[in-house]
Amino acid sequence: MSEEKSRSRSSAAVLVLIRGAHSKNPEVLLIERSATVKTHQSQVAFPGGGVEPEDKNDPVQTALRECEEEVGVSPSLVKVLKTLPPLPTLTSGFFVVPVLAELTVENCSLVLDPNEVAHAEWVSVEALFKTKKAEKGLPVFDWAGTDEKHRKVWGLTAIILDLIFSL
């Protein structure tokens, strides 16, 4: 894709936030988007969203801001490890920059914005990995939430998880 076409597409960033990154059972923060958001309603995702002017085209700033807005995690509690190359979504035409980070404290309270997030929790990376399968050649994971609801992790979120698992 040409650079000009790439720039004309919307851009976004997600925060792939790991808790206990150096422990035997690290966890990743996953959210279920609310049924009322404009795109990707009720889908499993990482905290994140579109670049806003105050982000100054910095995907790290976008991911940190969105995470704080959606689930209340202060950027001061997050250590950014690296950004991955922009990836195209399968459905909405966005290019998304995954920002890999770790929580710098043992735990923090999640305060959800109900307009954007229906549910959020820390999910065992090992438990997710054990559920991996492929559908139409793409990775899919299952998330059995603490609320006893089973969710399918697919699309770009599953692709990012699979990419991180392979690192």
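The values are calculated or read from the model by the stated rules, or taken from the named source; none is laboratory data. Note that the coordinates shown come from a computational prediction; the quantities given were computed from them, not determined experimentally. Note that each Cβ is placed from the backbone with ideal geometry, even for glycine, and that neighbours are counted across all protein chains shown. Accessible surface areas use protein heavy atoms only, side chains included; no ligands, DNA or RNA. Shrake-Rupley method; radii C 1.70, N 1.55, O 1.52, S 1.80 Å.
So for segment 98-105 (the condition being free of Cβ contacts under 8 Å to residues at least 40 places away in the same chain and assigned to a loop (DSSP other than H, G, I, E, B)), does at least one residue qualify?
Kept after step one, since they are free of Cβ contacts under 8 Å to residues at least 40 places away in the same chain, are these residues of segment 98-105: 104-105.
In the following step, the residues that additionally are assigned to a loop (DSSP other than H, G, I, E, B) were identified as 104-105.
For segment 98-105, residues free of Cβ contacts under 8 Å to residues at least 40 places away in the same chain and assigned to a loop (DSSP other than H, G, I, E, B): present.
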Which one is farthest from residue 21 (Cα to Cα), of the residues in segment 102-111 that are touching a strand residue (DSSP E or B) at 6+ places or on another chain (Cβ under 8 Å) and open to solvent by less than 60 Å² (accessible area, probe 1.4 Å)?
-> 110
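So, residue 141, is that one outside any loop (DSSP other than H, G, I, E, B), open to solvent by 50 Å² or more (accessible area, probe 1.4 Å) and of a type in the set (Phe, Trp, Tyr) or not?
Numbers: outside any loop (DSSP other than H, G, I, E, B): yes; open to solvent by 50 Å² or more (accessible area, probe 1.4 Å): no; of a type in the set (Phe, Trp, Tyr): yes.
No; evaluated as a whole, the condition is false for this residue.
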When you look at residue 90, is it at pLDDT below 90, among the hydrophobic types (A, V, I, L, M, F, W, C), under 18 Å from residue 159 (Cα atoms) and in contact with a helix residue (DSSP H, G or I) (Cβ under 6 Å, 6 or more places away or on another chain), yes or no?
-> yes
Flag for residue 125 being of a type in the set (A, V, I, L, M), open to solvent by less than 60 Å² (accessible area, probe 1.4 Å) and in contact (Cβ under 8 Å) with a residue 24 or more places away in the chain = yes
What pairs come up if the first residue lies in segment 146-167 and is in contact (Cβ under 8 Å) with a residue 40 or more places away in the chain, the second is in a helix (DSSP H, G or I) and open to solvent by 40 Å² or more (accessible area, probe 1.4 Å), and their beta carbons are under 7 Å apart, counting only those six or more places apart or on different chains?
-> 165/129
